[in-house]
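Worksheet: the structure to be examined is printed underneath.
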Amino acid sequence: MTKTRTPRYRTKPATPPKPLAAPGFTIKAMPAGVSLISYNRQTTDSAGGVITNTPCGLFNRKTMTDLPDDGVDGLRPLVLVELPRGAPSDFVDFNELMATYQRRLPKRQRRILLQWTIYATDPALTLWDEILRARAFTALIAAELGVASLLVQHVPANAGLAQTAHIHILILPRVLTRHGFGAIAEQLITDKAGEILAGMWTRFTATWS
């Protein structure tokens, strides 16, 4: 009688899961009156679940694009675009800018968006003055780093809320040329981003008036 041998397979040890990219986090040691958050492709919620961030999703959240007018209650923000010189003119439309940026985002790019926030704490500046100051800073970012950014102004008082008015500058860390999005702005996707932007802000505010 022929015995049939049952093949024995060596069980491979389970492959440990790859560590998730760090969630969007606040970069500390910023100058007074500003803050910086770096957003990554993946973040975790309070229960440890994985949330996948997208540039358009983050943008829509800040601009309340997906909310109907009757659900915004006076909070619909002002949105402006800042582009480097020579950028494609189609990108003055922020929806086109964000859709193209997301569509052409390299898989290896972990950090997808930076949020620089300026709080309206100077009593000498009106809300319009705050826009002019933020716009001048985004022009400096475009000129020195060659990247596009979007200015989003929130005025919670318009909806009867007590929070301080503020402006988010959403920085897209890809060099923008006449051909469209080019190389990753490496200095903005490393831990040096905070140091670079804080240095630019300190230099900018020393001369802006």
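Just so it is clear, none of the values below were taken in a lab; they were calculated from the coordinates. These numbers come from a predicted model, not from an experiment. Cβ placement follows ideal geometry from the backbone for every residue including glycine, while neighbour counts extend to all protein chains displayed.
Label point of ALA159 set 7 angstrom out along Cα-Cβ; within segment 73-92, amide nitrogens under 18 Å from it belong to 73-79. The order of ARG76, ARG110, ARG41, ARG103, going from fewest to most other C-beta atoms within 10 Å of their C-beta, is ARG103, ARG110, ARG76, ARG41.
Arranged from fewest to most other beta-carbon atoms within 10 Å of their beta carbon, SER35, SER89, SER149 become SER89, SER35, SER149. Taking the fewest neighbouring Cβ atoms within 10 Å as the starting point, the ordered list for VAL81, VAL152 is VAL81, VAL152. Assign one of three labels to segment 57-209, namely rounded, prolate or oblate, based on the Cα gyration tensor with a ≥ b ≥ c the square roots of its eigenvalues; rounded applies when a/c is under 1.5, prolate when it is not and a/b is larger than b/c, and oblate otherwise. Oblate, since a/c reaches 1.5 and b/c is not below a/b.
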